[in-house]
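Notes for the one structure printed next.
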Amino acid sequence: MLHVPAMLWLAILAAGAMAQQPEHNVSGRLREVRIVTSDIFRPEAADQRPVLHLLNGVHWETRESVVRREVWLRPGQTVTAAHAAELERNLRRLGLFAEVEVRLVPVGEGEEVDLDIVTRDRLSIIFGAGASSVGGVTGFRAAAGESNVLGFGDRISGSFARDSEGDFLGAFSYRDLHVLY
């Protein structure tokens, strides 16, 4: 087993962290906004496990327009790394994505930059079930939902419950991503 002194490990970790952090001094006039959305599982992972292909197949990939709606920066405006970081935080807050990366890319020798936004969806299908027994009354509950309906980021869910006395209870909910959010 290779033994590496603790100080060397700290230096290696610090160098890796510095390499992964965006440059804080990147800024310029925005030329273009490029958005790439992707499915839940990367193709190389899905190739190894066929069930992942199935989950990607039944999942609605988030539409580019949903991401674009969140971008307040427009071509011609001056943008900074702080703007990119704020946009990345806002996209993560939506709860639609497993990964979000927003970065400014310098273009040529001028002071223009492109804004690259890359997202990977998270699993948005929800299932649940339960059973109970209280005071001789047994019950069963089932629920299902989707938190990215048709790729628009809207949420829909329903639940159903029945007990041994024949009582039924059901609920249905819908939430638009951009109404009262």
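The values are calculated or read from the model by the stated rules, or taken from the named source; none is laboratory data. All figures in this text were calculated on a predicted structure; none of them were measured in a lab. Using ideal geometry, Cβ is built from the backbone for each residue, glycine included, and neighbour counts are taken over all protein chains shown. The protein model used for the area step is the full one, side chains on, heavy atoms only, and it has no ligands, DNA or RNA in it. Shrake-Rupley method; radii C 1.70, N 1.55, O 1.52, S 1.80 Å.
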Quick one: count up the residues across the stretch 61-70 that are farther than 13 Å from Ser38 by Cβ and not polar (S, T, N, Q).
4
Applying the selection to the stretch 31-51, what residues are open to solvent by 40 Å² or more (accessible area, probe 1.4 Å) and out of contact with any Ser or Thr (no Cβ under 8 Å at 6 or more places or on another chain)?
Arg31, Glu32, Arg34, Phe41, Arg42, Pro43, Glu44, Asp47, Gln48, Arg49, Pro50, Val51
In the stretch 80-127, residues that are of a type in the set (Gly, Ala, Ser) and closer than 23 Å to Thr62 by Cβ total 5
Got a sec? Which of Ser173, Ser159 is hydroxyl-bearing (Ser, Thr, Tyr), at pLDDT 90 or above and surrounded by fewer than 11 Cβ atoms within 10 Å (Cβ to Cβ)?
Ser173
Subset of the stretch 108-126 [in contact with a Gly (Cβ under 8 Å, 6 or more places away or on another chain) and within 18 Å of Pro75 (Cα to Cα)]:
Gly110, Glu111, Glu112, Val113
Restricting the stretch 62-83 to residues that are under 16 Å from Glu111 (Cα atoms) and hydroxyl-bearing (Ser, Thr, Tyr), the one nearest to the chain's Cα centre (by Cα) turns out to be Thr80
Elements of type helices (runs of 4 or more DSSP H) in the stretch 24-137, at least 3 residues being farther than 30 Å from Asp167 by Cα and charged (D, E, K, R)
64-70, 81-93
